[in-house]
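J.: Sharing a structure with you now.
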Amino acid sequence: GESVGLHLPTLSVQEGDNSIINCAYSNSASDYFIWYKQESGKGPQFIIDIRSNMDKRQGQRVTVLLNKTVKHLSLQIAATQPGDSAVYFCADGASGSARQLTFGSGTQLTVLP
Amino acid sequence: GAGVSQSPSNKVTEKGKDVELRCDPISGHTALYWYRQSLGQGLEFLIYFQGNSAPDKSGLPSDRFSAERTGGSVSTLTIQRTQQEDSAVYLCASSIRGEQPQHFGDGTRLSIL
């Protein structure tokens, strides 16, 4: 079945450095990908998304890269701040009538002072 | 504007009892989703409502789980004869006409004793 996975369960970075969180997916028919940030006790918060007809999309301090050849996407956070500490999830919204997202297990990002 | 609202935020109940969890989506969002998040895990899709269409119940784990959406707005997720493995955070999301992204509430943390 379809699965979405993350390369590392935890990531620690120094404040001010750039962060890169990776994600692999298995369904080659997937045409939509999204990143969420989840702080403790809160629901997932939308960060950025990308469709399969693109390979890069930029937001404020964040960039998502999509490599369909190897079924991999990454989230880059520039100048990481303490407020960026959270669990980051990638999710896959496959094409077709199904609208649900398939989530990976998440990466815990810790920003060190 | 107001986001997705879920109640209660926490629920503790005894094994075997029934529970009802409520979700109030963002105004104007016709699509509503329920997910379950076990401790330290990603989100697991449960059910999806879109307008007046029949709901997609493909993610419900057993017949003890049911959900309804009245008047195309508020939704209630009901778990009958709760078991300890039902302990999790139940998250609700909504979106415009089933399009992405989905916007999440802060969830109901359910604990079964």
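J.: Being more than 30 Å from B:Pro8 (Cα to Cα), of a type in the set (Gly, Ala, Ser) and either at pLDDT 95 or above or surrounded by 17 or more Cβ atoms within 10 Å (Cβ to Cβ) (or both) is the filter here; which residues of the range A:26-58 pass it?
T.: Within the range A:26-58, just A:Ser30 meets the criteria.
J.: Name the residue, out of B:Ser58, B:Ser62, that is part of a loop (DSSP other than H, G, I, E, B) and either at the interface with another protein chain (Cβ under 9 Å from one of its Cβ atoms) or touching a Gly at 6+ places or on another chain (Cβ under 6 Å) (or both).
T.: Values: B:Ser62 fails: either at the interface with another protein chain (Cβ under 9 Å from one of its Cβ atoms) or touching a Gly at 6+ places or on another chain (Cβ under 6 Å) (or both).
Of B:Ser58, B:Ser62, the one residue that is part of a loop (DSSP other than H, G, I, E, B) and either at the interface with another protein chain (Cβ under 9 Å from one of its Cβ atoms) or touching a Gly at 6+ places or on another chain (Cβ under 6 Å) (or both) is B:Ser58.
J.: Going by the structure shown, is B:Gly28 outside any strand (DSSP E or B), surrounded by fewer than 20 Cβ atoms within 10 Å (Cβ to Cβ), modelled with pLDDT of 95 or more and of a type outside the set (A, V, I, L, M, F, W, C)?
T.: On the way: outside any strand (DSSP E or B): yes; surrounded by fewer than 20 Cβ atoms within 10 Å (Cβ to Cβ): yes; modelled with pLDDT of 95 or more: no; of a type outside the set (A, V, I, L, M, F, W, C): yes.
It is false that B:Gly28 is outside any strand (DSSP E or B), surrounded by fewer than 20 Cβ atoms within 10 Å (Cβ to Cβ), modelled with pLDDT of 95 or more and of a type outside the set (A, V, I, L, M, F, W, C).
J.: When only residues in the range A:91-113 that are more than 17 Å from A:Ser40 (Cα to Cα) and part of a strand (DSSP E or B) count, which is modelled with the highest pLDDT?
T.: If we take residues in the range A:91-113 being more than 17 Å from A:Ser40 (Cα to Cα) and part of a strand (DSSP E or B), then A:Leu112 is modelled with the highest pLDDT.
J.: Name every residue in the range B:43-72 that is surrounded by 17 or more Cβ atoms within 10 Å (Cβ to Cβ) and out of contact with any Lys or Arg (no Cβ under 9 Å at 6 or more places or on another chain), in order of residue number.
T.: Of everything in the range B:43-72, those that are surrounded by 17 or more Cβ atoms within 10 Å (Cβ to Cβ) and out of contact with any Lys or Arg (no Cβ under 9 Å at 6 or more places or on another chain) turn out to be B:Leu60, B:Arg69.
J.: Hey, another quick one. Hey, B:Thr78 hits all of (1) surrounded by fewer than 14 Cβ atoms within 10 Å (Cβ to Cβ); (2) within 11 Å of another protein chain (Cβ to nearest Cβ); (3) under 11 Å from the mean Cα position of the chain (by Cα); (4) not acidic (Asp, Glu) but one; which does it fall short on?
T.: (2)
J.: Limited to the range A:29-58, what total is found for residues that are without any contact (Cβ under 8 Å) to a residue 60 or more places away in the chain and out of contact with any Pro (no Cβ under 6 Å at 6 or more places or on another chain)?
T.: Here the count works out to 20.
J.: Report the residue count in the range A:27-48 for those that are touching an Asp or Glu at 6+ places or on another chain (Cβ under 6 Å), among the small types (Gly, Ala, Ser) and more than 9 Å from every other protein chain (Cβ to nearest Cβ).
T.: 1
J.: Given the structure, is A:Gly83 within 30 Å of B:Cys92 (Cβ to Cβ), more than 14 Å from every other protein chain (Cβ to nearest Cβ) and loosely packed, with under 12 Cβ neighbours inside 10 Å?
T.: Working: within 30 Å of B:Cys92 (Cβ to Cβ): yes; more than 14 Å from every other protein chain (Cβ to nearest Cβ): yes; loosely packed, with under 12 Cβ neighbours inside 10 Å: yes.
The answer is yes for A:Gly83.
J.: Which residues, taken from the range A:58-80, are within 14 Å of another protein chain (Cβ to nearest Cβ) and within 11 Å of A:Ile34 (Cα to Cα)?
T.: Residue satisfying the conditions is A:Val64 alone.
J.: Out of everything in the range B:31-48 that is more than 10 Å from chain A (Cβ to nearest Cβ) and in a strand (DSSP E or B), what residue ends up being nearest to B:His103 (Cα to Cα)?
T.: Per the stated criteria, the residue is B:Leu32.
The values are calculated or read from the model by the stated rules, or taken from the named source; none is laboratory data. If you're wondering where the values come from, they're calculated on a predicted model, not measured in any experiment. For neighbour counting, all protein chains shown are included, and Cβ atoms are generated from backbone atoms with ideal geometry for every residue, glycine included.
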